Every structure is written in C-alpha cells, then in structure tokens.
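All remarks here apply to the structure that follows.
The values are calculated or read from the model by the stated rules, or taken from the named source; none is laboratory data. All values reported here derive from a predicted model rather than from experimental measurement. When we count neighbours, we look across all protein chains shown, and the Cβ atoms used for this are built from the backbone with ideal geometry, even at glycine.
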Amino acid sequence: MAVDVDTLASDTAALVAIPSVTGSELAVLERLVELAGGLGLDAQLHEYDLAALRAHPGHPGEEAARDELFGVTITLPGSAEGPRLALDGHIDVVAPGSEEWRLGPWSGAVQDGHVHGRGSLDMKGAVVAALHAMAAARDRAPRRRR
C-alpha cells in the first residue's frame with residue numbers, strides 16, 4: 001500500500017472535525033479506531049482507571065481537569081524476538097480561544113494543500129501519518145517462511 005496524500009488529508013480532516021479539548025477525547029479516539037480498522041490495523045480502545053493513576057506515587061499531575069481517560073493502542077503482528085518500534089502521539093487539543101477562526105476550529109477544511117482547524121498540526125495530522133505509515137510498513141514487510 002502506498003501512502004496517499006489525499007487520503008492522509010481527508011483522514012486528518014475527519015479527526016480535526018471532531019472537537020477533542022483535553023478531557024473530552026473519546027469521540028475522536030473512536031473515530032481513530034475506525035480509521036485504523038479501515039486500514040486493516042488492529043486498534044483497541046482502552047479506558048484507564050483515573051483513581052489508580054492519580055494514586056500512583058509517580059503520577060506527574062494533570063494540566064487540565066478530566067473525569068475520564070481513554071487511549072488507543074494500534075498494533076502490527078510480529079514476533080517477540082524481533083525489533084520493536086513505538087509510535088506515540090496525542091489527539092487532545094487546547095480550547096479554540098476567543099479569536100475568530102476564518103474557517104472554524106473544527107472545520108477540517110482542506111484548502112490549497114492544507115488541513116485547517118484545531119489539532120491539524122499538533123498533532124492529529126501526525127497521528128494520522130503514523131497510522132498510514134504503519135499500514136504501509138505492514139504491506140511492505142518481507143514475509144517470513146516457516
């Protein structure tokens with residue numbers, strides 16, 4: 001599978017169109033799971049135990065209030081002996097602020113080769129690029145003989 005720029009842009013736009021201000025990320029994570037599934041990747045949505053995380057002595061604190069914490073793990077099959085690579089990103093964004101947006105913070109508009117809206121650069125676009133890179137790597141990996 002070759003990475004297609006138009007699909008990258010449309011998948012990024014789909015995530016940008018879903019508000020995901022820190023503390024309210026579930027809807028965009030559910031869409032990310034759908035996008036991964038569409039690429040033939042195994043994606044699992046996880047809910048974390050906030051009370052347990054907060055009670056851990058290594059808990060660094062939180063930069064924004066939240067009542068829930070979800071995450072997604074997307075994996076490729078491999079062997080336990082082989083090398084491993086972790087791609088990591090976030091899909092939460094800061095609030096749109098009080099300045100007027102030309103196209104709206106959740107527009108996801110694609111114009112002149114750019115995706116517009118909150119999170120398109122930091123970092124929903126990078127998360128989508130990693131997702132597509134995983135699918136491309138899977139399709140290009142040499143097949144092992146048994």
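From the list GLY58, GLY97, GLY71, exactly one residue is exposed (fewer than 15 other Cβ atoms within 10 Å of the Cβ), over 29 Å from VAL3 (Cβ atoms) and at pLDDT 95 or above. Which is it?
Testing whether each residue is exposed (fewer than 15 other Cβ atoms within 10 Å of the Cβ), over 29 Å from VAL3 (Cβ atoms) and at pLDDT 95 or above leaves just GLY58.
Would it be correct to say that ASP11 is within 17 Å of GLY119 (Cα to Cα), part of a loop (DSSP other than H, G, I, E, B) and under 17 Å from the mean Cα position of the chain (by Cα)?
No.
Within segment 109-139, work out how many residues are assigned to a loop (DSSP other than H, G, I, E, B) and farther than 18 Å from VAL33 by Cβ.
Number satisfying all stated conditions: 6.
So if I check each of LEU87, LEU131, which one is touching a residue at least 40 places away in the same chain (Cβ under 8 Å) and either surrounded by 16 or more Cβ atoms within 10 Å (Cβ to Cβ) or among the basic types (Lys, Arg) (or both)?
LEU131
For segment 49-69, which residues satisfy the criterion of being under 22 Å from SER24 (Cα atoms), out of contact with any Phe, Trp or Tyr (no Cβ under 7 Å at 6 or more places or on another chain) and not acidic (Asp, Glu)?
Keep residues of segment 49-69 that are under 22 Å from SER24 (Cα atoms), which gives 49-55, 59-69.
From the residues that got through so far, the ones that are out of contact with any Phe, Trp or Tyr (no Cβ under 7 Å at 6 or more places or on another chain) too are 49-55, 59-68.
Of everything in segment 49-69, those that are under 22 Å from SER24 (Cα atoms), out of contact with any Phe, Trp or Tyr (no Cβ under 7 Å at 6 or more places or on another chain) and not acidic (Asp, Glu) turn out to be LEU50, ALA51, ALA52, LEU53, ARG54, ALA55, HIS59, PRO60, GLY61, ALA64, ALA65, ARG66.
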